[in-house]
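The values are calculated or read from the model by the stated rules, or taken from the named source; none is laboratory data. Quick caveat, the model's predicted, so the values are computed rather than measured. Cβ placement follows ideal geometry from the backbone for every residue including glycine, while neighbour counts extend to all protein chains displayed. Calculation scope for accessible area: heavy atoms of the full protein, side chains included, ligands and nucleic acids excluded. Shrake-Rupley method; radii C 1.70, N 1.55, O 1.52, S 1.80 Å.
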Amino acid sequence: MQPQGEVAKPQVWEGPGGTQFELASSTNLAAPALKTLFAYWAAKCAGRFAPARADINPKDIPAILPNIHMHDVLDGGRAFRVRLLGTQIVAAAGEDQTKRTFTEAEDDLLGA
């Protein structure tokens, strides 16, 4: 933990082809649910750009679960399957699309 008043140095991750990604900081988040999600995500990264799928357990974050969506990446990223769709998202979308598979060519997921 850094001393009070000091700004954390941003973490940089080098991605494919040398692309540099600056990782977000929780210091700019105002919403408690986002702070909770960010802290959980950062803890699961273990020095990587993102946690592995096996590292994420929805049961660990029940307070924010209604606002979470998770997707399985299929066909090398050309398609996705909705793994989990929180109840608040379902209510906003008007339907539960859990287990639905979609591709980038489809733009009607969640009414987009």
> Which of the residues spanning segment 1-49 are within 19 Å of Val73 (Cβ to Cβ), surrounded by 13 or more Cβ atoms within 10 Å (Cβ to Cβ) and at pLDDT 75 or above?
Replying inline: Trp41, Lys44, Cys45
> Which ones in segment 76-97 are touching a residue at least 12 places away in the same chain (Cβ under 8 Å), open to solvent by 40 Å² or more (accessible area, probe 1.4 Å) and more than 23 Å from Leu34 (Cβ to Cβ)?
Replying inline: Arg78, Arg81, Gly94
>> Among the residues that make up segment 59-74, is at least one of them at pLDDT below 85, over 13 Å from the mean Cα position of the chain (by Cα) and open to solvent by 50 Å² or more (accessible area, probe 1.4 Å)?
In response: no
